[in-house]
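Participant: Here it is, the structure, as structure tokens.
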Amino acid sequence: MTGGKIVVCGRVGEVLPTFYIDGIASSVKVKGEKIKGPFYLFLGDVLGDIECRGRLYVSVKNNPDFKVFESLLETMSDDC
């Protein structure tokens, strides 16, 4: 994924290892339409393109198993 935006409002089994969490977005805009979140924001495909233009937005509410990724966000902010 070298560009574009994918928004998943439902459940996701897992995220490919070439994606990494970058933050939590309160909403996302797609073709002028605002979709309310919150969403986990993943960037990728980081191994294929260092610029990471691909964005994957995953519903926080419908993916409680992804809460473990939030600790990675805390670690990233502590390192800065």
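The values are calculated or read from the model by the stated rules, or taken from the named source; none is laboratory data. All of these numbers come straight from a predicted model, not from anything done at the bench. Because the Cβ atoms are built from the backbone with ideal geometry, glycine has one as well, and the counts that use them run over all protein chains shown.
Participant: Listed residues 5, 36, 31; which is at positive phi, surrounded by fewer than 17 Cβ atoms within 10 Å (Cβ to Cβ) and over 8 Å from the mean Cα position of the chain (by Cα)?
Facilitator: Residue meeting the stated conditions: 31.
Participant: From (1) exposed (fewer than 14 other Cβ atoms within 10 Å of the Cβ); (2) at pLDDT 85 or above; (3) in contact with a Lys or Arg (Cβ under 7 Å, 6 or more places away or on another chain), pick out the condition that doesn't hold for residue 43.
Facilitator: It fails just one condition, (1).
Participant: Please verify whether the range 55-71 includes one or more residues that are in a strand (DSSP E or B), in contact with a helix residue (DSSP H, G or I) (Cβ under 7 Å, 6 or more places away or on another chain) and either modelled with pLDDT of 90 or more or not aliphatic (A, V, I, L, M) (or both).
Facilitator: Checking the range 55-71: at least one residue is in a strand (DSSP E or B), in contact with a helix residue (DSSP H, G or I) (Cβ under 7 Å, 6 or more places away or on another chain) and either modelled with pLDDT of 90 or more or not aliphatic (A, V, I, L, M) (or both).
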